[in-house]
Amino acid sequence: MRRVSTSFRAATGIATPVFEDLSLEIGAREFVVFLGPSGCGKTTLLNHVAGFTRPESGSIEVDGRSIRAPGPDRGVIFQQDALMPWLSVVENVEFGLRLRGVAAAVRRRAATEQLARVELAEFAHHKVWELSGGMRQRVSLARALAADPQILLMDEPFGALDALTREQMQTLVLRVWRATEKQVLLVTHDIEEAVFLATDLITMSARPARVLARQRLDFGSRHAAGEPARRIKSDPAFIAMRESVLARLFAP
Amino acid sequence: MIPSPDAPVSRVPGSNLAISIATIVGLLGSWWLVAALAIVPPLYLPGPMAVLAKLRELAVEGYMDATLAQHLGASLQRILFALVAAVFTAIPLGLAIGVNRALRAGVDPLIEFYRPVPPLAYLPLIVIWFGIGEFSKVLLIYLAIFAPVALTTAAGVRSVDPIRIRAAQSLGASRAQVVWHVILPSALPEIVTGVRIGLGAGWSTLVAAELIAATRGVGFVIQSASQFLITDLVVAGIVVIALVAYVLEIGLRLVQRRLAPWWGRVA
């Protein structure tokens, strides 16, 4: 991402900059978390990367190719699941492959494999509207993975979930990230979640958004390697990091 | 008053059915009572028994050289032709104007211009242009069905969750694939609602359509009977139309539930 600048035009005609001269380089296989207050433009940034919207100036490049439109190389998981209710769970997971014209047997095998990864194999033939919110997000994750993207974009993917389900989803996403070695870009306003998941934590200010800090963390890697979540989250180093990020975010 | 949490809520599906049945029985009962007590002369309000007898006579002996089945068949055929034509034209047009703003701006005034005009008002024009044949009758019903189907389809398309479209795009969907795999199935429940509304409009136009030199049809029976002041036959015709329309409506509701069991459960 180089020199991205976006502004929203307000009704009065005065352009409100969302962010100016934001320049970031992101490494492969990183778990990048954008943390910032609500409305700071982190979702706008993610939408630019997804290709849903385009910055007013600047460019976003993936592997040197400039992004112009949404594409299957960037899988997206939204805050609310965007599943197709007329399709069963497994049909939802193979949706991207079906669009690409992959043969039925091949895509069914791929979808079943991804459903097993998110621990929903036995729900393959359920209706999606019969599932809980957390299960639907797991279907969304499996659907994105089945298309085999280079990057996973997650826009507050656990925002609508209860605390317990949220922790389980964090563990699942870290495990998937470690197993698939994909780059993950996740947006959240939950400080603990950000510190826990990120290998590359980018803290952003309120509008116009600037990068307040960029830190390398290893709590997520530790959890992915097997250390229990509760032990990490009660580790004094984790608590200290959480508090310092919090202090920076709320500094005047 | 705030209902207490312990207050019985009518969750039993049977209890609503019981209320519906009670209403119908009550209505029939008071109708019968008014007729039996001869409060109103039968010319104005024939009793339910007289209507039932007339209905049997219509079914067995017929009216104006055709039995009830033949009259009903003629009417149903007109409605069915009009409905099929409307489904194959109004749904694609509704999809197109739901997706394309410019097309919507162009077509919307045309639909909104003719939609509120009662069919009886433009009936003379249709007769002048297309004559008194079967085509004019079907066209009149078709026009009544077309507008609600096209408009609800367009509204259904516009109410598709944009996140769902983005999800499909990020999975590699082309514009055509988005329409076919996301927008059409998402809008399907609304489209069926449009067909339900359209069918209702079609029935209400049937009598007007059968004003055009018809010799068969339930609408024709009602008009003809009214000219000869055969009030019980008028009521019998009304009952037939109401029953058949109701059966079709129930059928479409079942189709809707079958096609979109998720409707009302997820956004």
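The values are calculated or read from the model by the stated rules, or taken from the named source; none is laboratory data. Keep in mind it's a predicted model, so treat the numbers as computed, not measured. Every residue, glycine among them, receives a Cβ derived from its backbone with ideal geometry; neighbour counts consider all protein chains shown. Just so you know, the surface numbers come from the protein's heavy atoms only, side chains and all, with ligands and any DNA or RNA stripped out. Shrake-Rupley method; radii C 1.70, N 1.55, O 1.52, S 1.80 Å.
Being assigned to a helix (DSSP H, G or I), surrounded by 16 or more Cβ atoms within 10 Å (Cβ to Cβ), away from every other protein chain (no Cβ under 14 Å) and not aromatic (Phe, Trp, Tyr) is not true of B:Ile128. Here A:Arg108 does not fit the description of being modelled with pLDDT under 95, more than 10 Å from every other protein chain (Cβ to nearest Cβ) and either in a strand (DSSP E or B) or open to solvent by 60 Å² or more (accessible area, probe 1.4 Å) (or both). The one condition from (1) β-branched (Val, Ile, Thr); (2) touching a helix residue (DSSP H, G or I) at 6+ places or on another chain (Cβ under 9 Å); (3) open to solvent by 40 Å² or more (accessible area, probe 1.4 Å) that B:Ile141 does not meet is (3). On the stretch given as the stretch A:97-130, residues that are out of contact with any strand residue (DSSP E or B) (no Cβ under 8 Å at 6 or more places or on another chain) and either at positive phi or of a type in the set (Gly, Ala, Ser) (or both) total 9.
Among the residues of the stretch B:204-233, those that are of a type outside the set (D, E, K, R), buried (at least 21 other Cβ atoms within 10 Å of the Cβ) and farther than 24 Å from B:Leu143 by Cβ comprise B:Ala225, B:Leu233.
Just checking, does the stretch A:62-83 include any residue being more than 10 Å from chain B (Cβ to nearest Cβ) and closer than 21 Å to A:Val173 by Cβ? Yes, that holds for at least one residue. Which of the residues that make up the stretch A:65-89 are in contact (Cβ under 8 Å) with a residue 60 or more places away in the chain and either open to solvent by 20 Å² or more (accessible area, probe 1.4 Å) or not in a loop (DSSP other than H, G, I, E, B) (or both)? Within the stretch A:65-89, A:Pro72, A:Asp73, A:Arg74, A:Gly75, A:Val76, A:Ile77, A:Gln79, A:Gln80 meet the criteria.
Taking first residues from the stretch B:185-213 that are modelled with pLDDT under 90 and partners that are basic (Lys, Arg) and open to solvent by less than 50 Å² (accessible area, probe 1.4 Å), the Cβ contacts under 6 Å between residues at least 6 apart in sequence or on separate chains come to B:Ile212/B:Lys137.
To keep it simple, each residue is scored yes or no on (1) among the hydroxyl-bearing types (Ser, Thr, Tyr); (2) over 28 Å from B:Ala59 (Cα atoms); (3) within 14 Å of chain A (Cβ to nearest Cβ).
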residue	(1), (2), (3)
B:Ser204	yes, no, no
B:Leu211	no, no, no
B:Ala214	no, no, no
B:Ala225	no, no, no
B:Val240	no, no, no
B:Ala245	no, no, no
B:Leu254	no, yes, no
B:Ala260	no, yes, yes
B:Gly264	no, yes, yes
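Within the stretch A:132-155, one or more residues are part of a loop (DSSP other than H, G, I, E, B), under 14 Å from the mean Cα position of the chain (by Cα) and modelled with pLDDT under 95. Within the stretch A:178-224, being of a type in the set (D, E, K, R) and open to solvent by 10 Å² or more (accessible area, probe 1.4 Å) holds for A:Arg178, A:Glu181, A:Lys182, A:Asp190, A:Glu192, A:Arg207, A:Arg210, A:Arg214, A:Arg216, A:Asp218, A:Arg222.
Does B:Pro42 qualify as being open to solvent by 30 Å² or more (accessible area, probe 1.4 Å) and either more than 21 Å from the chain's Cα centre (by Cα) or farther than 30 Å from B:Val179 by Cα (or both)? Please lay out each step first, then the result.
Numbers: open to solvent by 30 Å² or more (accessible area, probe 1.4 Å): yes; either more than 21 Å from the chain's Cα centre (by Cα) or farther than 30 Å from B:Val179 by Cα (or both): yes.
Taking the combined requirement at face value, the residue satisfies it.
Taking residues in the stretch B:16-29 that are over 23 Å from B:Met49 (Cβ atoms), and partners anywhere that are of a type in the set (Ser, Thr, Tyr), the pairs with Cβ atoms closer than 7 Å and at least 6 places apart or on different chains are B:Asn16/B:Ser10.
Just one of (1) more than 23 Å from A:Val49 (Cβ to Cβ); (2) away from every other protein chain (no Cβ under 14 Å); (3) touching a Leu at 6+ places or on another chain (Cβ under 9 Å) fails for A:Arg138. It is (1). Only a single item in (1) over 30 Å from A:Leu145 (Cβ atoms); (2) open to solvent by 20 Å² or more (accessible area, probe 1.4 Å) is not met by B:Ser159, and it is number (1).
Checking each residue of the stretch B:189-199 against the condition of being more than 10 Å from chain A (Cβ to nearest Cβ), assigned to a loop (DSSP other than H, G, I, E, B) and open to solvent by 20 Å² or more (accessible area, probe 1.4 Å) gives no match.
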